[in-house]
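Structure first, commentary second.
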Amino acid sequence: MKINLEDLLKELKRKKIRLSHQRLKVLEYLTLNQCHPTVDQIYNNLHMEVPTLSKTTVYNTLNSLTEAGLVRIINIEDHETRYDIRIDDHGHFKCESCKKIYDFNIDINAFETNDLKNFAINDKNVYFKGICPNCKL
């Protein structure tokens with residue numbers, strides 16, 4: 001799924017989220033680098049271009065974008081939080097060798113959840129771990 005920065009900007013305005021230069025750069029990074037980055041990766045990749053950027057600003061921006069429903073949090077590992085600009089239902093595969101995360105299409109709603117009939121489901125995720133084709137060589 002292709003993410004359009006202009007559509008995201010319109011959505012931010014619609015949700016009345018103030019757009020600063022730093023927030024725009026974080027959003028632009030997520031849009032152009034759909035690599036499921038961590039806060040540290042975003043900060044390290046943008047800090048030279050935006051010297052006034054702080055990790056706190058990155059955290060706050062990601063929190064705002066998550067609350068607005070424009071970014072999804074991914075927790076495949078307990079000690080690592082990553083962010084995904086793609087918010088539609090899809091699966092993730094994490095390579096245990098190179099640590100890269102790949103998206104894959106899956107019909108999450110096709111899973112039978114009869115045992116959860118009286119539960120309120122707020123989020124659905126499918127994660128696989130293994131070795132990607134590049135690392136298998």
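Laboratory data are not the source of any read-out in this text; all were calculated from the coordinates shown. None of these values were measured; they are calculated from a predicted model. Here the Cβ is made from the backbone with ideal geometry for all residues, glycine too, and neighbour counts use every protein chain on show.
Remarks
- Placing unit charges on each Cβ (+1 for Lys and Arg, -1 for Asp and Glu) gives the chain a dipole about its Cα centre, and among 51, 38, 137 the Cα reaching farthest toward its positive end belongs to 51.
- Taking the number of Cβ atoms within 10 Å of each Cβ as an exposure proxy, the fewest-first ranking of 23, 86, 14 is 14, 86, 23.
- Charged side chains reduced to their Cβ positions (Lys and Arg at +1, Asp and Glu at -1) give the chain a dipole of some 460 debye around its Cα centre.
- Between the amide H of residue 76 and those of 82, distances stay under 5 Å, these residues lying 5 or more places away or on another chain, with hydrogens modeled in the peptide plane.
- Checking every one of the trypsin sites (Lys or Arg not before Pro) in the range 94-127 against DSSP loop status and a limit of 13 other Cβ atoms within 10 Å picks out 99, 100, 117, 124.
- In the range 10-137, taking the dipole from charged Cβ atoms about the Cα centre, the farthest positive-side position among 19, 87, 73 is held by 19.
- Peptides 72-79, 39-46 ranked from most to least packed, by the mean per-residue count of other Cβ atoms within 10 Å: 39-46, 72-79.
- By the count of neighbouring beta-carbon atoms within 10 Å, fewest first, 107, 84, 115 end up ordered 115, 107, 84.
- If you look at the Cα atoms of the range 5-84, you get an Rg and a Dmax of 12.0, 34 Å.
- Above-threshold pairs, the threshold being 32 Å between Cα atoms, out of 55/117; 10/55; 16/117; 16/100; 55/124; 16/129: 55/117; 16/117; 16/100; 16/129
- Here the label points at residue 44 and residue 78, each 7 Å from Cα along the C-beta direction, are separated by 2.4 nm in the simple model.
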